[in-house]
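Reviewing the structure listed below.
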Amino acid sequence: MGWTQAEQQELDAILKKYPADRKLSAVLPALYLAQREKNWLDDDDIEAVAAALDIPVTHVHSIIGFYTLFRKEPTGKYMVQVCTDLPCALRGAEGFYKRFCERMGLGPHGGTTEDGLFTVEEVVCLAACDKAPMCQINLEFFESLTDDKIDEIIASLREQALKG
Ligand code: FES
């Protein structure tokens, strides 16, 4: 991938938080940083993280495999994870998941839009059941969803994407 100058500075700041012989401790923030630009990690990204932390590439792969927020498949700029677990389901989550998919021109099983802007998927409980139904978009929670709220969210993200 090659870190940009700004990313390299962020990476250096992350590494400074840990003892030089404990670079592995920085793996999660380093992976978030590597994933931030395109929202998923390719082999070059993973190798760059391994090199920065002086750890084997296989070790980084095993860590990525453990955390659902890291992705090794091309993913939309906005990762929309709609919780359809029981408390959310009792408040209509299936219908809201369907609405997200329909509004983005995706089939019933979600996926990634042709323009690469959105990936939609169903997930299990995100620990915000008291605000069900909810979804997570990248790292932000959107709670107490309604049809109108979903339309507003999508419109706002499209507008945000246009602005770059
Ligand atoms: S069931 Fe949806 S956040 Fe817990």
* Within the range 102-140, can you find the residues that are surrounded by fewer than 14 Cβ atoms within 10 Å (Cβ to Cβ), outside any loop (DSSP other than H, G, I, E, B) and within 9 Å of the ligand (Cβ to nearest atom)? -> Asp130
* **Test: residue in the range 62-70 that is within 16 Å of the ligand (Cβ to nearest atom) and under 29 Å from Val49 (Cβ atoms)** => yes
* Asked: Just one of Leu69, Leu15, Leu86 is modelled with pLDDT under 95, open to solvent by 20 Å² or more (accessible area, probe 1.4 Å) and aliphatic (A, V, I, L, M); which is it?
  -> Leu69
* Structure fact -> Residue pairs within 6 Å by beta carbon, gap of at least six or interchain, first lying in the range 130-144 and within 15 Å of Met79 (Cβ to Cβ) and free of Cβ contacts under 8 Å to residues at least 24 places away in the same chain, second more than 8 Å from the ligand (Cβ to nearest atom) and assigned to a strand (DSSP E or B), listed first then second, are Phe142/Cys135
* Find the residue count for the range 1-59, including only residues that are farther than 21 Å from Pro74 by Cβ and part of a helix (DSSP H, G or I). => 26
* Structure fact -> Counted residues in the range 48-66 being open to solvent by 60 Å² or more (accessible area, probe 1.4 Å) and touching a residue at least 40 places away in the same chain (Cβ under 8 Å) come to 0
* Asked: Say we look at the range 72-83 and pick out the residues that are over 18 Å from Glu152 (Cα atoms) and among the charged types (D, E, K, R); which of these is most open to solvent (accessible area, probe 1.4 Å)?
  -> Glu73
* Regarding Phe96, is this residue in contact with a Leu (Cβ under 6 Å, 6 or more places away or on another chain), modelled with pLDDT of 95 or more and either surrounded by fewer than 21 Cβ atoms within 10 Å (Cβ to Cβ) or assigned to a helix (DSSP H, G or I) (or both)? -> yes
* Asked: Which of the residues that make up the range 67-84 are over 11 Å from the mean Cα position of the chain (by Cα) and assigned to a strand (DSSP E or B)?
  -> Val82, Cys83
* Restricting attention to the range 29-46, report how many residues are exposed (fewer than 14 other Cβ atoms within 10 Å of the Cβ) and farther than 22 Å from Val80 by Cβ. => 2
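The values are calculated or read from the model by the stated rules, or taken from the named source; none is laboratory data. Given the structure is predicted, the values throughout are model-derived calculations rather than measurements. All Cβ positions, glycine included, derive from the backbone under ideal geometry; neighbour counts span all protein chains shown. Side chains are part of the model used for accessible areas, which takes the heavy atoms of the whole protein and leaves out ligands, DNA and RNA. Shrake-Rupley method; radii C 1.70, N 1.55, O 1.52, S 1.80 Å.
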